[in-house]
């Protein structure tokens, strides 16, 4: 099935609830080809032009779920949401970025999904189109399974507040070329709400938000002044984030791999904060 | 005067004739265009009318007793045409490259994760896969032996025992001691050959009760004999036809593919095709031996080596395969290309329930290179010498003796190679222009921070042997035919991408002066040429082609020479024209042939070698080749991420036969070495392979491949080798991982004793 509008797609899914929507297919078709998944039918979303671009609504950007990573990586988009553009640019080789979409990244919900920590740090909302109309929920509710997608629903848009403030995305992989994240950190500065929001990807099934560390560091920043921090404060923030994301096990020494992961998260968080405030 | 010398002067003598031609020029490969356009056919592209599809059931356990196999349900599925297990193997139950110790299908005992248990042929690949999954196998799961150190004392995993081979090497005085002693423990991980193309094959039954196997074999005759023995057929009733080989760093194909295919084709009387998934490929084929190495180096106060003691333990996996060869190389080259008066090595290859190990370029030599070069760095640090200097004081040269008692008779310009990489200019540091454009460790959009990046420079010297060692009968046969002014080469040497067909064309162009030379595809109806490994084909098959071409040349010129009363040596052939030394006679090849066809077949067999004796002594190698690599790396010392900036290579090549192809082989080898150094390690905790996919097993991408600078190619001809040329592919693979490790050591000050280098080994902890 190849619907050409969101309504048609929702109708197609309603008519055949066992059908699986497919956008870029970079995760889904790999699973189908290797025999892990045998969907009864596929609903192709590639012809729905309304979800392949973006628009503005009340100080936010409404991104179509069909936006490709390649599109998000371009300079015009990077001027709008720099951290998401950075994440999109780091996601796989060009072939994958040309096909893979924002919505697919959310729907696959892989722990290493590069866009996910950015969306979590931006406190994005997802808009689901369904047979009973649209509904919007926070990305974290969807990813954690607190409020999962219902049968017949389709991920249509992602609402992202436009902050006009520094934001960064840093990712550590096993090689110089594109690779799966060992750990990634997205950090946004929100001067309007006087917040620093940070999200760590790939270390847990869903992106983690070290809320206490965020509040602590937001309290150190002189929001009306220079908005800079001493190196020591950035370092302490990194340690704080890392300890929150990879907690100590009472009575057990951390295995060497966890120590290295914690060190990586600390370095990434420190660098992310340093760059955002530079 | 020989023709080879006449044109060996290089491209300039041929500048007028346009396209590259003959030895010493960059004749392009005939397959290059088709491969680039994606039209070159590989085994996975084969098709036959009415073919069936095969699927193989593999063990999910690394070690288990099989108590029951029930195929009734699978066999009854619609579309399933045959199911075969160990009970359906008509011939020899066991097979193997060196030792017949591996069953076609596991019968009562599973010895590694992914071992084949049964195979199905069905009219659709999905049906075959579902039927394979429907075969009921009851296992009694056993404790796997996965630590090679524990294999000695463990219950035997195989009737042949757990010790596959032990080589003690004793050379010199065991009581010799040096003023300076350094010790080290090194580990090398499991590199997968990860050929780019899928492993696949097609088996077609023959009317005479035999079978034809269309596979990307690199050793068709050995594969034929092995298959025939398992099928219970005479070897002339099995034919292996070599298809396009999509990359071969070791043996292709996994016998777990061709044997089930042949059995199913014989059983059903239909052509049967199989295409392995990447997961099966990772489970089935042979990997580089994971190795544990303990070393103690003694040196005098000036840094000259006195004694090297080493213990080398190779994890062979469940079956012997070519582990014995890998061990021989590891033990013989344990001290590296250095002069050491006293060497004592104990080497073992042991059986475990880990994934199988076997022939992968530079096996044995790579692992010890990592260790002895680690030791040389340690020695340099302890003596306060430059790492390059301590190496320079010990380099091997022609006329020196290896610890195996063999005198190095071939060119061994080790010092010259080291000097070339040491004196080459270092790559510039990125200038301060635009920090965002620096390619830092971690990549373009990565997390690298210039302030945390340290640069390091490291050196390594490596060596490997050319051709099979220890008495292997290295022989190849080739036929050359000339007709209508064209030449055809028939040789079963497999073109694996190493460039043999191009080389064969160049040789015939040189000897016979004809431009158009075709090299026919290989199959086992042709005389054997042996495996495409250890640089054999440049030597033995190239040598056989040259001899056959020279015989044809004599046949062609003899009547002419007789007619004009001069000897054959006074005639030359170039551009299809025959001319005499004085220019009086001038005719064309086509005219002289006058419609006749000329054929000649010749063999090339280098001098025999000895097996290493009970003290590890013997003239085991036909030839040796050497390489020096200088690595420059950038390390993010907080994240432990490493980027190899540049590898400068100086190599001993004997003679350059095709400059472009030679450079490509070195670049490819170095890149494989970078993979070994930084990321490639197939993890198998408790014997179960983790993440057998190309996402889970990262390999170098274009961004990870460093700038490869070939700073010097030493052309000192090896007089016993045809053309004086040495094999070039393996030694850069062997040497570059050790160079990268040395550079990371220099950048971080950390010991770096394990390959691949894990991030935690390259992190510099902040001083607190």
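For the range A:57-74, the residues whose amide N sits under 20 Å from a probe point set 7 Å from the Cα of residue A:47 along the beta carbon direction are A:65-68. Along Cα→Cβ, 7 Å out, is where each label goes; now give me the distance between the ones at residue A:40 and residue A:144 in nm to one decimal. With each label point 7 Å from Cα toward Cβ, the separation is 3.3 nm.
Expressed as an acute angle from 0 to 90° and rounded to the nearest 10, what is the orientation of the C-alpha long axis of helix A:211-220 relative to the principal long axis of chain A? So the inclination is approximately 50 degrees. The range A:67-88 and the range A:167-199 have their alpha-carbon centroids 14 Å apart. Mean projected area of the Cα convex hull of the range A:126-209, taken over all directions, amounts to 7.2 nm². FRET efficiency for the pair residue B:35 and residue B:163, taken as 1/(1 + (r/R0)^6) with r the Cβ-Cβ distance and R0 = 35 Å, rounds to 0.20.
Among A:89, A:197, A:38, the largest mean-square fluctuation in a Gaussian network model of chain A (Cα springs under 10 Å) belongs to A:38. When the square roots of the Cα gyration tensor eigenvalues are ordered a ≥ b ≥ c, the ratio a/c for the range B:32-106 is 1.5 or more and a/b does not exceed b/c, which makes its shape oblate.
Distance from a point 7 Å along Cα→Cβ of residue B:311 to each backbone N in the range B:135-155: keep the residues under 18 Å and list them by number. Counting backbone N atoms under 18 Å from the label point, the list is B:146-154. In whole angstrom, note down how far apart the Cα centers of the range B:271-318 and the range B:357-396 are. So the two Cα centres are separated by 15 Å.
The tail of the calculated P(r) for the range A:1-110 beyond 24 Å holds 27 percent of all Cα-Cα pairs. Contact order, relative form, for the range A:167-277: 28 percent (alpha carbon pairs under 8 Å, 6 or more residues apart, mean separation divided by residue count). Built from the Cα atoms of the range B:614-715, the convex hull projects on average onto 10.9 nm², one quarter of its surface area. Taken over the C-alpha atoms, the range A:50-161 has Rg and Dmax values of 13.0, 38 angstrom. Just A:24, A:53, A:174 to compare: in a GNM of chain A, with alpha carbon springs under 10 Å, which one fluctuates most? For chain A, modelled as a Gaussian network with Cα springs under 10 Å, the answer is A:174.
Per-residue extension of 0.36 nm, minus the Cα-Cα distance of residue B:108 and residue B:599, leaves a gain of 171.5 nm for this segment.
Partner shielding of A:163-176 amounts to 6, given as the average count of beta-carbon atoms from other chains within 10 Å of each residue beta-carbon. Peptides B:658-669, B:194-205 ordered by packing proxy, namely the average of other Cβ atoms within 10 Å per residue, highest first: B:194-205, B:658-669. Cβ crowding within 10 Å ranks B:379, A:80 as A:80, B:379, fewest other Cβ atoms first. Taken over the C-alpha atoms, chain A has Rg and Dmax values of 19.2, 59 angstrom.
In whole angstrom, the range A:167-277 maps to an equivalent ellipsoid with semi-axes of 24, 16, 12, each derived as √(5λ) from the alpha carbon gyration tensor and ordered largest first. The modelled label-to-label distance for the pair residue A:5/residue B:765, using points 7 Å beyond Cα in the direction of Cβ, is 6.5 nm.
Shape of the range B:131-244 from its Cα gyration tensor (a ≥ b ≥ c, root eigenvalues): rounded if a/c is under 1.5, otherwise prolate when a/b > b/c, or oblate? Because a/c hits 1.5 or more and a/b exceeds b/c, the range B:131-244 counts as prolate. For the protein assembly as shown, the Kirkwood estimate of hydrodynamic radius, built from reciprocal distances between every pair of different alpha carbons, is 31.6 Å.
For chain A, modelled as a GNM with alpha-carbon contacts under 10 angstrom, which of A:200, A:32, A:188 fluctuates the most? Its mean-square fluctuation being the largest, the pick is A:32. Computed over the range B:556-677, the range of Cα coordinates on each principal axis works out to 80, 43, 27 Å, biggest value leading. Our estimate of slack between residue A:194 and residue A:74, defined as 0.36 nm per intervening residue step minus the Cα-Cα distance, is 40.3 nm.
Applying 1/(1 + (r/R0)^6) with R0 = 30 Å to the Cβ-Cβ distance of residue B:147 and residue B:235 gives a FRET efficiency near 0.15. From the alpha carbon centroid of the range B:608-661 to that of the range A:23-66 is 48 Å. Each helix, a run of at least 4 DSSP H residues, gives -39500 (n - 2.57); summed and divided by the residues of chain B, these come to -7500 deg cm²/dmol at 222 nm. Helix A:256-277 and the longest principal axis of the Cα set of chain A meet at an angle near 90°.
Put in order of Cβ neighbour count within 10 Å, fewest first, the listed residues B:488, A:101 become B:488, A:101. Every helix of 4 or more DSSP H residues in chain A counts as -39500 (n - 2.57), and over all residues that averages to -10500 deg cm²/dmol at 222 nm. Rounded, prolate or oblate: which fits the range B:304-358 when a ≥ b ≥ c are the square roots of the eigenvalues of the alpha-carbon gyration tensor, with rounded for a/c under 1.5 and prolate only if a/b beats b/c? Prolate shape, in that a/c is at least 1.5 and a/b is the bigger ratio. For chain B, report the % of Cα-Cα distances exceeding 38 Å. Roughly 42 percent, once rounded to a whole number. Placing a pseudo-label 7 Å from each Cα along the Cα-to-Cβ vector at residue A:135 and residue B:425 gives an inter-label distance of 6.7 nm. What FRET efficiency comes out for residue B:304 versus residue B:196 if R0 is 51 angstrom and r is the Cβ-Cβ distance? Round to the nearest 0.05. The computed FRET efficiency comes out at 0.70. In the range A:108-173, the ratio of gyration radius to Kirkwood radius, Rg to Rh, stands at 1.01 when only Cα atoms are counted.
Each value in this text was obtained by applying a stated rule to the coordinates, not by laboratory testing. These numbers come from a predicted model, not from an experiment. With ideal geometry, Cβ positions are generated from the backbone for all residues, glycine too; neighbour counts draw on all protein chains shown.
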